[in-house]
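The values are calculated or read from the model by the stated rules, or taken from the named source; none is laboratory data. If you're wondering where the values come from, they're calculated on a predicted model, not measured in any experiment. Positions of Cβ are generated from backbone atoms using ideal geometry, with glycine treated the same way; all protein chains shown enter the neighbour counts.
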Amino acid sequence: MTTIPPAPFPRKRVIVTHDDAKAFGYCNAGLRKWFPREGVTFDEFRQHGVTAEWLRATGDAMATRLADEVEQIRERLHQSQESA
């Protein structure tokens, strides 16, 4: 088993929410079908969200794009708050 060393600057834990997925254009019908296949119910996702890392670990290209986009948005927001 290969161990991946930690990144020198680990990412902050980012929670991706249902609102994030909707803002990205993902529909409820697709989300309802997709989440149970990955071991999380749609209702659990709606109530609690999932981590960006979890989305990436699914190996799904659309999930990875969502995780990447949400992390970028949150980072830009964080940067703008620091400079204010």
_I need every pair where a residue in the range 10-32 that is at pLDDT below 95 and surrounded by fewer than 10 Cβ atoms within 10 Å (Cβ to Cβ) has its Cβ under 9 Å from the Cβ of a residue that is not charged (D, E, K, R) and not in a loop (DSSP other than H, G, I, E, B), sequence separation at least 6 or different chains._
Arg13/Thr51; Arg13/Ala52
_Test for Gly39: is it at pLDDT 95 or above and either at positive phi or polar (S, T, N, Q) (or both)_ = no
*Find the residue count for the range 41-56, including only residues that are surrounded by fewer than 16 Cβ atoms within 10 Å (Cβ to Cβ) and either in a loop (DSSP other than H, G, I, E, B) or in contact with a strand residue (DSSP E or B) (Cβ under 9 Å, 6 or more places away or on another chain) (or both).*
4
*Any idea how many residues of the range 57-84 are of a type outside the set (A, V, I, L, M) and surrounded by 15 or more Cβ atoms within 10 Å (Cβ to Cβ)?*
6
